[in-house]
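Please treat every number below as a calculation from the coordinates, not as lab data. Treat the numbers as computed from the prediction; the structure is a model and nothing was measured. Note that we place each Cβ from the backbone using ideal geometry, even for glycine, and neighbour counts take in every protein chain shown.
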Amino acid sequence: MGSKPEDLQTNKLQFVSFREKKLEILLQSSIKKKPPKKLRFEGFKLLTFKSFLPMKHFISFLSFMFIALVASIIVSCTKDDLIKETINFQNVLLSPNSYWNGSDGSGPIKIGSATFNNLYIDNWDYWEGFSLSNMVDITSPGWSNQYSAYLVNGGDIFNIYSISYVNDESSTISFKHNVNLISAKITNSTYTYFSILNGNEYAKKFEEGDWFKLTIVGFDHQEEEKEREEFYLADFRLPNSYIVDNWTKISLKNIKGVRKIIFYLDSTDEGDWGMNTPAYFCLDDLVFEYME
């Protein structure tokens, strides 16, 4: 029906004919910005009742049943009006085996109904938030390889994804609408993967009991937290320790009615200046839905 609940104004019940307790029901809905619609109930165009109730009681009963029917129709139509959107970055122009980090000064990445925060400081060649890449590498450790995803199966060299460097609340995605998140694909960056596996001059090699966690937090239009989800990019607390090494689809269905989401990273490897584990993760196929 293409309307939000607050757009519904009136529903008028008209008794078109009433002869020997035979009633044809016509629902006429007045909805903002759309012409009135007549809903005809296939298979129920003519409803016949045999009742032993007095007439006024019968009409009250019939009105109650009609309201229940209308409510079920509105719920169904509202669900049908949700638009599903997937952000997969494939419409971005990017040369093979390359990346974009905001150095051209174009600022945040706007794709579909979503805006991905990006900050680039030219004097320092520094960036945070989200960049874009199609680089895959499972052999080269170190900071110089910060734009690569670690995909043990090799991935798709033509696939463009987003890589994020998390600094406080830099990794923020905002939306044009109130959205219900559905899912996303996540993996480690190559730089982070090898740091966890082997350690480096800044971070330790993970041992039993260590972990590296991504937290996704949703906020409504009033900046109030709605819900959050957690995903472990590495977990050495379990008998079978692991580091995520491929695209992993995670459910985000608990995060509903939000206008933005913020990604946070945390690790058991902490120092005087905060987390030592390189604060990167890779994101693709962000799926959400919203009301038309």
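Extension gain for Ser140-Ser251 works out to 36.9 nm (0.36 nm per residue, less the C-alpha to C-alpha distance). With just the Cα atoms defining each centre, how far is the stretch 169-195 from the stretch 97-159? Give it in Å. Comparing the Cα centres of the stretch 169-195 and the stretch 97-159, I get a distance of 12 Å.
Around Lys256, under 9 Å between beta carbons, what's the net of Lys plus Arg minus Asp minus Glu among the other residues? Working shown, then result.
Numbers: positive: Lys226, Lys253; negative: Glu227.
Charge balance in the 9 Å sphere: +1.
Full extension of the chain between Arg237 and Glu224 gives 1.4 nm of extra length, using 0.36 nm per residue less the Cα-Cα distance.
Cross-link check: pairs Lys204/Lys226; Lys84/Lys185; Lys226/Lys249 evaluated at a Cα-Cα cut-off of 26 Å; pairs beyond the cut-off: Lys204/Lys226.
At q = 0.11 Å⁻¹ the log10 of I(q)/I(0) for the stretch 176-283 amounts to -0.39, computed by Debye summation with a single uniform scatterer per C-alpha, solvent ignored.
Assuming R0 = 41 Å, can you tell me the calculated FRET efficiency for the pair Lys213 and Ser103, based on Cβ-Cβ distance, to the nearest 0.05? Each step should come with its number before you reach the end.
On the way: r = 30 Å, r/R0 = 0.73.
With R0 = 41 Å, the Cβ-Cβ based efficiency is 0.85.
Our estimate of slack between Phe158 and Glu201, defined as 0.36 nm per intervening residue step minus the Cα-Cα distance, is 12.2 nm.
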